[in-house]
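The values are calculated or read from the model by the stated rules, or taken from the named source; none is laboratory data. These figures come from a predicted structure and were not determined experimentally. Note that we place each Cβ from the backbone using ideal geometry, even for glycine, and neighbour counts take in every protein chain shown. Side chains included, ligands, DNA and RNA excluded: accessible areas come from the protein's heavy atoms. Shrake-Rupley method; radii C 1.70, N 1.55, O 1.52, S 1.80 Å.
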Amino acid sequence: MAEVLAEERKLLEVKNLKKYFPVKAGILRKTVAYVKAVDGVSFHINEGETLGLVGESGCGKSTTGHTILRLLEATGGEVIFDGKDILSLNKREMREARKDMQIIFQDPYASLNPRMTIGEIIAEPLIIHKLARNKEERREKVAWLMESVGLAADHMNRFPHEFSGGQRQRIGIARALAVNPRLIIADEPVSALDVSIQAQVINLLQDLQKKFSLTYLFIAHDLSVVKHISDRIGVMYLGKIVELADKDELFNNPLHPYTKALLSAIPIPDPEYKKERIILKGDVPNPVNPPQGCPFHPRCPMAKDICKQVAPELKDYGNGHFASCHLLEE
Ligand code: SF4
């Protein structure tokens with residue numbers, strides 16, 4: 001029963017989210033254009049679910065995560081968390097809401113203050129949110145959190161530089177868990193780690209999800225990384241979601257040419273198995289001046305005339321499999 005409820009209950013809803021950054025020029029620093037980093041992104045995440053968000057660097061996936069948490073203020077759209085309109089909260093209400101919505105950053109070293117001990121770093125959110133009655137209780141909670149993420153509690157007086165990359169990411173996870181959140185936005189949490197360590201951190205995140213009933217938005221540039229942890233996956237290109245589906249459906253039946261190209265780039269550890277790699281032409285276009293029509297058309301091997309004129313809409317092609325491509329409408 002609990003599982004059925006977990007599947008059905010939307011914890012986070014993102015509706016038509018936009019984040020535009022002004023481009024300024026001249027002595028008067030006038031706004032001459034906008035970088036549409038996130039341009040009308042919509043999705044939801046059910047309680048207890050993991051939604052993977054993938055795309056090349058600069059596609060807007062991290063900006064989406066930061067805008068949901070209001071680390072960046074949205075230009076437009078809605079973020080509904082557990083029925084609450086997050087974008088309309090005042091500072092005090094937002095501080096309270098952040099207890100439920102935490103983030104793990106890509107670079108664990110940059111996100112840890114080098115002058116603080118690990119114990120102090122993990123205790124900081126407990127102090128801010130008054131989650132321990134005294135020093136002793138705080139120390140006990142820090143020790144428990146360190147052990148929960150596979151770190152030795154007697155290392156709490158050490159500094160970040162004394163830990164490896166994987167251990168530092170575990171510290172970041174412990175700090176996020178300190179406030180007992182419901183949603184964690186994991187922003188490229190394993191991209192800076194060695195492949196063998198990546199698997200350990202992903203396994204840890206999966207174990208913690210079960211133990212603490214967590215919901216994840218897992219952001220990565222690599223489809224093979226999100227595959228293991230995600231229930232559903234959204235693929236972003238130039239600030240928009242171009243395909244969103246159940247994980248297995250996306251891998252077995254990709255609809256969008258961009259997703260097909262990303263999938264074709266994943267190496268298969270079987271020398272007998274040959275698959276054709278789709279090589280995309282050129283780089284991701286400049287988001288200040290995105291192409292007209294379908295933003296993917298300058299690189300798309302399937303592009304037709306209409307693609308240069310008309311932007312395709314994201315449509316449901318059955319069972320929650322969304323994609324935006326003119327070819328699918330034929
Ligand atoms: Fe390619 Fe056209 Fe589909 Fe865009 S709409 S992905 S350019 S075929």
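For region 318-330, what are the residues that are more than 6 Å from the ligand (Cβ to nearest atom) and under 25 Å from the mean Cα position of the chain (by Cα)?
At the first step, the residues of region 318-330 found to be more than 6 Å from the ligand (Cβ to nearest atom) are 318-324, 328-330.
The answer is Gly318, Asn319, Gly320, His321, Phe322, Ala323, Ser324.
Please enumerate the residues belonging to region 193-213 that are among the charged types (D, E, K, R) and at pLDDT 90 or above. So that I can check it myself, show each step before the final result.
Just the residues of region 193-213 that are among the charged types (D, E, K, R), to begin with: 194, 207, 210-211.
Of everything in region 193-213, those that are among the charged types (D, E, K, R) and at pLDDT 90 or above turn out to be Asp207, Lys210, Lys211.
Return yes when Val288 is surrounded by 13 or more Cβ atoms within 10 Å (Cβ to Cβ) and more than 13 Å from the ligand (Cβ to nearest atom) and no when it is not. Walk me through how you get there before you give the answer.
On the way: surrounded by 13 or more Cβ atoms within 10 Å (Cβ to Cβ): no; more than 13 Å from the ligand (Cβ to nearest atom): yes.
Taking the combined requirement at face value, the residue does not satisfy it.
Given Arg92, Arg133, which one is among the charged types (D, E, K, R), open to solvent by 70 Å² or more (accessible area, probe 1.4 Å), modelled with pLDDT under 95 and in a helix (DSSP H, G or I)?
On the way: Arg133 fails: in a helix (DSSP H, G or I).
Only one candidate qualifies: Arg92.
Which residue, of Ala261, Ala265, is under 23 Å from the mean Cα position of the chain (by Cα) and modelled with pLDDT under 90?
Details: Ala261 fails: modelled with pLDDT under 90.
Exactly one residue qualifies, and that residue is Ala265.
Suppose we keep only residues that are near the ligand (Cβ under 10 Å from one of its atoms) and touching a residue at least 24 places away in the same chain (Cβ under 8 Å) within region 300-317. Which one would you say is surrounded by the fewest Cβ atoms within 10 Å (Cβ to Cβ)?
The extreme case among them is Pro301.
Table: residues versus (1) more than 16 Å from the ligand (Cβ to nearest atom); (2) charged (D, E, K, R); (3) farther than 27 Å from Ile173 by Cβ.
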site: Asp187; (1), (2), (3): yes, yes, no
site: Ala199; (1), (2), (3): yes, no, no
site: Phe212; (1), (2), (3): yes, no, no
site: Thr215; (1), (2), (3): yes, no, no
site: Lys227; (1), (2), (3): yes, yes, no
site: Tyr237; (1), (2), (3): no, no, yes
site: Leu244; (1), (2), (3): no, no, no
site: Pro257; (1), (2), (3): no, no, yes
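Yes or no, residue by residue, for (1) over 21 Å from Leu71 (Cβ atoms); (2) in contact (Cβ under 8 Å) with a residue 40 or more places away in the chain; (3) surrounded by 15 or more Cβ atoms within 10 Å (Cβ to Cβ):
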site: Glu120; (1), (2), (3): yes, no, yes
site: Leu126; (1), (2), (3): no, yes, yes
site: Ser148; (1), (2), (3): yes, yes, yes
site: Phe159; (1), (2), (3): yes, yes, yes
